[in-house]
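Computed from the coordinates by the stated procedures, all read-outs in this text should not be read as laboratory data. Just so it is clear, the model here is predicted, and its values are computed rather than measured. Ideal geometry is used to build each Cβ from the backbone, glycine not excepted, and the neighbour counts take in all protein chains shown.
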Amino acid sequence: MCDECHQSPCATMCPNGTPVVDDEPIMKTCPICKREYDEDLMEESVCAACMKHNMTWDIAEKYGDERKITVEVNAFWAKLFTPSMINEILREKAVAYIRIFPFLAREDTDNFFKDDLSDFADWLKEQKGKE
């Protein structure tokens, strides 16, 4: 609460023109690392450090395996190969991509997670619950 105007939560400026400071931040415990953080700096209650630490290629594969999408492929390839064979072929190409373009692969991995950070945070909490 503001000592000047007694508003809670504080306005950005008191009526008398004096800047005010908001109340203490709301602290929450990250379910992954068990440390306390300001709630405003968290994504779905997961801290930024845990989010960043878990945004890796390997975790993207696991996360992506549970978040499948439908794609269109050449009908002939679909007849020749099973879905698991197509996945393996794509994985082999992706591994080659990492070797050739490591910085682009890192950027693409980050963008994959950033497409839906709240879903990824929820998934991380689910995985932590399975341990």
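Values for this structure:
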quantity	calculated
Lone unmet requirement of (1) assigned to a helix (DSSP H, G or I); (2) among the hydroxyl-bearing types (Ser, Thr, Tyr); (3) touching a helix residue (DSSP H, G or I) at 6+ places or on another chain (Cβ under 9 Å) for SER84	(3)
Number of the condition not met by LYS79 [criteria: (1) surrounded by 14 or more Cβ atoms within 10 Å (Cβ to Cβ); (2) more than 26 Å from ASP40 (Cα to Cα)]	(1)
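Listed here are the residues, each with its yes/no results for (1) surrounded by 15 or more Cβ atoms within 10 Å (Cβ to Cβ); (2) closer than 23 Å to CYS33 by Cα; (3) touching a residue at least 24 places away in the same chain (Cβ under 8 Å).
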site: LYS93; (1), (2), (3): no, no, no
site: TYR97; (1), (2), (3): no, no, no
site: PRO102; (1), (2), (3): no, no, no
site: ALA105; (1), (2), (3): yes, no, yes
site: ASP108; (1), (2), (3): yes, no, no
site: PHE113; (1), (2), (3): yes, yes, yes
site: ASP116; (1), (2), (3): no, yes, no
site: LEU124; (1), (2), (3): yes, yes, yes
